[in-house]
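Take a look at the structure below.
The values are calculated or read from the model by the stated rules, or taken from the named source; none is laboratory data. Just so we're clear, the structure is a prediction, and the values are computed from it rather than from any experiment. Every residue, glycine as well, gets a Cβ built from its backbone with ideal geometry; the counts of neighbours run over all protein chains shown. Calculation scope for accessible area: heavy atoms of the full protein, side chains included, ligands and nucleic acids excluded. Shrake-Rupley method; radii C 1.70, N 1.55, O 1.52, S 1.80 Å.
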Amino acid sequence: MKCFIRVGSLVALATVLSGCSTFDKLNPFASGDPKLKPAELVSFTPTVELRSAWQANIGGSGEYVFTPAVVGNSIYAAAHDGSLARFDDGRQVWRVGAGQALSGGVGSDGKLVVVGTPKGEVLAFDAATGNPSWKSRVSSEVLAAPAVGDGLVAVRSGDSRIFGFDSSDGKRRWVYQRSTPALSLRSHAGLVLAGNALLAGFSGAKLVAVSTLNGAALWEGAVALPKGSTELERVVDITSLPVIEGREVCAVAYQGRVACFDMNSGNQLWARDISSSTGLDMDAKSVYVSDDKGVLQAFDRNNGSSLWKQDKLLKRGLSRPLVFGGPLGSYLAVADYQGIVHLLRRADGSFAARFAGDGSAVSADPQRVKDGLLVQTRNGGIYALTSN
C-alpha cells in the first residue's frame, strides 16, 4: 500500500491518507508545544504602500488548492464547487459552473481554459465565452493546474503520471509515468512549459524534463537524496514548481535541498541543504526560498552562498515567494496562513509593506500581474495588489 502525506494546506501540513497515521511533528500548527506557535507580526514603518487594485470572490477551495491563471490582463479562477470565471482588469467577463466539483486548476493560454476534477476528468472551456470545449480523462485525481500552450494541454494526475492532450479536441497524444516510493507527499505541484520541454518535480526529489512532442524524458536531475533510518525521514519530494530563468532551472525539495541545473543538459550547478514544501523564485542575482520553518532565505544564484535570512515569520505557513517588476520591482512578496501578504526588500529581506486579505490562508502560488501581484485565498478571495 502506498501512503500519501498531504501538504497542500498551510494550516494542517501533515495529514496521512489511505490508512496511514498522522505525524504531528510535520504539522507546524500542532498543539502541545509552545515553540511551534506562529510568530506574532512585528511592527515596522512601511516604505511603500501595498493596496488592492481590485478584488473579487470565486468561492472556497475546500481541501484543494486552486492557482489562478494569468494571461495578459485576463485572470481565470476556479473553486471547488465547480465555479469558473474570467476577470479582465477586475471586471467579471463571464462565470460558469462546471457541473461538478473541481480539484485542480486553472491552466490557460488565453484561448482555452482547463481544470481538473477529483475523478480524474479534464474539462476544457473556451476562454472567450466560457462555453465547454471538450472533456477527457486521466488515471487519477487532478490536483495541479494544467499547463496549456503550443497546441498542448499537459495534465499531471495524482499518481505521478503526466498526460499530453491535443488542445483542439482533447485527444491524448502521450503519457509519461514513473514509479513512486511507498511513502510520498500528496501535493498540488504542477508543470512548467519551457519551449519543447515540460519541467516537473517528483517524489524522491527528482527533477525531470519531459518532451512536449512525445512525452519522453529529456533529462533527470537529483535535487536531493533520501537520508535517515525511517521511511518518514527518507521522504524527499519536490512539491512545488521549478523556476526557470535564462539557461538555469532551480527546484527545492521537502526535507532536502535547493538545487539549480543547466536547462539544456540537466547538469547540476550547485545545491544547498534546505527543506521547503511551497517553493522558490529567483531573479538575475538571487534565489529565494520559503522554508518549512517559515524562514525566508536568499541564496546567491551563481554559487548558492547564503545572502540573508528573514526569520520574523516563523511558523506562519509561508507561500512560495514571488519577485516581480514594475513599480514593485525591487521587492519580494510572500503570503501566510492568515492571508496576509508581506512585501520585503530583495536586497536584505527587511519588511517594506503588508496587506491583509480575508483572513484565510493563501495556499496557491502568488502570480505576477501588470504592476503587481495576484493572490487567491482558501475562502476564494482574489486580490490584485499594486502600489502608488
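Against the numbered list (1) part of a loop (DSSP other than H, G, I, E, B); (2) touching a Phe, Trp or Tyr at 6+ places or on another chain (Cβ under 9 Å); (3) among the hydroxyl-bearing types (Ser, Thr, Tyr), residue 254 comes up short only at (2). Just so you know, in region 159-184 the residues that are closer than 19 Å to residue 108 by Cβ, in a loop (DSSP other than H, G, I, E, B) and not acidic (Asp, Glu) include one that is most open to solvent (accessible area, probe 1.4 Å), and it is 168. In region 185-196, is there at least one residue being assigned to a strand (DSSP E or B), crowded, with 18+ Cβ neighbours inside 10 Å and modelled with pLDDT of 95 or more? Yes, that holds for at least one residue. Only one of the numbered conditions (1) open to solvent by less than 10 Å² (accessible area, probe 1.4 Å); (2) at pLDDT 95 or above; (3) in a strand (DSSP E or B) is not met by residue 156, and that is (1).
Here are some residues: 47, 67. Which one is within 26 Å of residue 164 (Cβ to Cβ), open to solvent by 10 Å² or more (accessible area, probe 1.4 Å), part of a loop (DSSP other than H, G, I, E, B) and of a type in the set (Ser, Thr, Tyr)?
One residue alone meets the criteria, 67.
Which one is farthest from residue 268 (Cα to Cα) among residues in region 322-331 that are buried (at least 17 other Cβ atoms within 10 Å of the Cβ) and at pLDDT below 95? Per the stated criteria, the residue is 328. For residue 319, the criteria (1) out of contact with any strand residue (DSSP E or B) (no Cβ under 8 Å at 6 or more places or on another chain); (2) open to solvent by less than 10 Å² (accessible area, probe 1.4 Å) hold in every case but one, which is (1). Evaluating residue 81 against the criteria (1) in a loop (DSSP other than H, G, I, E, B); (2) touching a Lys or Arg at 6+ places or on another chain (Cβ under 7 Å); (3) at pLDDT 85 or above leaves one unmet condition, (2). The residue that is surrounded by the most Cβ atoms within 10 Å (Cβ to Cβ), counting only those in region 265-316 that are of a type in the set (Val, Ile, Thr) and not in a loop (DSSP other than H, G, I, E, B), is 287.
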